[in-house]
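I have placed the structure first, in the form of structure tokens, so that the comments after it can refer back to it.
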Amino acid sequence: MSSAPAAGSAAAPASASAFPYKLVATDLDGTLLREDHEVSARTREALAAATEAGAAHIIVTGRAVPWTRAILDDLGYDGLAVCGQGAQVYHAGEHRLLTSVTLDRQVAVLALSKIEAEVGPLALAASRDGLDGDVLIGPGYRVQDGPLPALFLDDPAEMWTAPINKVYIQHPRLSDDELARVAQETVGNMVAVVMAGPGVVEILPLGLSKATGLSLAARRLGVTAADTIAFGDMPNDIPMFGWARHGVAMANAHESLKAVADEVTASNDDDGIAVVLERLLQQG
């Protein structure tokens, strides 16, 4: 992945081009990244033009910092990133964790037992807190192909020995949407439940979302929800769309996100972010 301009930097002084937003918030997988896990030259150029016109760019991803940091470094991204579904605000330029929210492990165990009472045994994984926190993979949990590092456990009890940001759950028969629905109905008063992608249903601290993390990062930059355009592709982006002034779903987005989006752009493979930013820049 080739380097981009410092797209994550704090907002630059406004230029002659009147870009209508002060903040561009982009999801990572399925949105900013193409299916080959690269960011296209066209999208990099559109983001650079938006920052030159006075906007800041913040990546807002479900990935925790250890699964995000290498991508940010390759992009030359040196500003703030919201990671772990809003649990972590990370300063990429300083390689420093500014905020971090952990999931109460006793609450998580109780919530999981209630879900399993409804649907039967679950396969589990968990994301440990911190800049270098491991992603722990329990027995039977299906890991997607790719380069992301993980630590495989023989003893599931090891999952609970250190602070975690979230728990991933899978079911042998239920679809992701079905599992997320049952979990929400069963334990939604104890924890947050999100479907973040294929095979990725997550249990988070109650009240945590991409919107909460993004609002903290935006406050540090001196911008507000009314200043923000957000791009995403999955149900975990719904709170972010609810917070931002304008939400843009990718053509490849989950139908539930398209239903609440202000507009639908081209897919991640067809430079959907660039399509919108180029239009806004031309209008300016």
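The values are calculated or read from the model by the stated rules, or taken from the named source; none is laboratory data. These figures come from a predicted structure and were not determined experimentally. Neighbour counts run over all protein chains shown; Cβ positions are idealised from the backbone, glycine included. SASA here: full protein model, heavy atoms, side chains in, ligands and nucleic acids out. Shrake-Rupley method; radii C 1.70, N 1.55, O 1.52, S 1.80 Å.
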Handout entry: 20 Å Cα-Cα reach of Lys114 towards aspartates and glutamates, excluding residues that sit fewer than 8 places from it in its own chain
Key = Asp104, Asp176, Asp177, Glu178, Glu185, Glu202
Completion exercise
In Å, the Kirkwood hydrodynamic radius from C-alpha pairs for the stretch 196-284 sits at 13.8 Å
Problem - Radius of gyration and maximum dimension Dmax of the stretch 232-274, Cα, Å - result: 9.2, 26
Problem - Size-normalised alpha-carbon gyration radius of the stretch 18-63, reference 2.2 N^0.38 Å - result: 1.18
Practice task
Work out how much length Phe152 to Glu118 would gain on full extension: take 0.36 nm times their residue separation and subtract the Cα-Cα distance, in nm to one decimal.
Solution key: 9.6 nm
Fill in the blank from the handout: Quick calc, the stretch 73-147, dipole around Cα centre from Cβ unit charges on Lys, Arg (+) and Asp, Glu (-), nearest 20 debye, gives 320 debye
Problem - Hull shadow area, averaged, the chain [alpha-carbon convex hull, nm²] - result: 13.4 nm²
Exercise for the section: Report the extension gain between Asp177 and Glu94 in nm, rounded to one decimal, defined as 0.36 nm multiplied by the number of residues separating them, less their alpha carbon distance. Expected result: 26.1 nm
Exercise for the section: Let me see the pair-distance distribution of the stretch 140-254: every alpha carbon pair, 5 Å bin width, integer percents in order. Expected result: 2, 10, 16, 18, 20, 17, 9, 5, 2, 0
Practice task
Would you calculate, for the chain, the mean residue ellipticity at 222 nm contributed by helices, counting each DSSP H stretch of 4 or more residues as -39,500 (n - 2.57) and dividing by all residues, to the nearest 500?
Solution key: -8500 deg cm²/dmol
Fill in the blank from the handout: Pseudo-spin-label distance Asn189 to Trp160, built 7 Å along Cα→Cβ, given in nm, is 2.3 nm
Fill in the blank from the handout: Rounded to a whole %, the carbon-and-sulfur portion of the accessible area of the stretch 135-220 at a 1.4 Å probe is 55 percent
Practice task
Using only Cα atoms, tell me the angle between helix 105-119 and the longest principal axis of the chain; keep it within 0 to 90° and round to the nearest 10.
Solution key: 70 degrees
Practice task
Please report, in Å, the Rg and the Dmax of the stretch 57-208, where both are computed over Cα atoms only.
Solution key: 15.1, 47
Handout entry: Kirkwood hydrodynamic radius of the stretch 35-141, Cα pairs, Å
Key = 16.0 Å
Exercise for the section: Find the Rg to Rh ratio for the stretch 109-177, where Rh is the Kirkwood radius over alpha-carbon pairs and Rg uses the same atoms. Expected result: 0.96
Practice task
Treating cross-link reach as a plain straight distance, find the aspartates and glutamates whose alpha-carbon is under 20 Å from the alpha-carbon of Lys22, omitting any fewer than eight places away in the same chain.
Solution key: Glu45, Glu52, Asp78, Asp227, Asp237, Asp262, Glu263, Glu278
Problem - Net charge of neighbours whose Cβ lies under 10 Å from the Cβ of Val187, counting Lys and Arg as +1 and Asp and Glu as -1 - result: -1
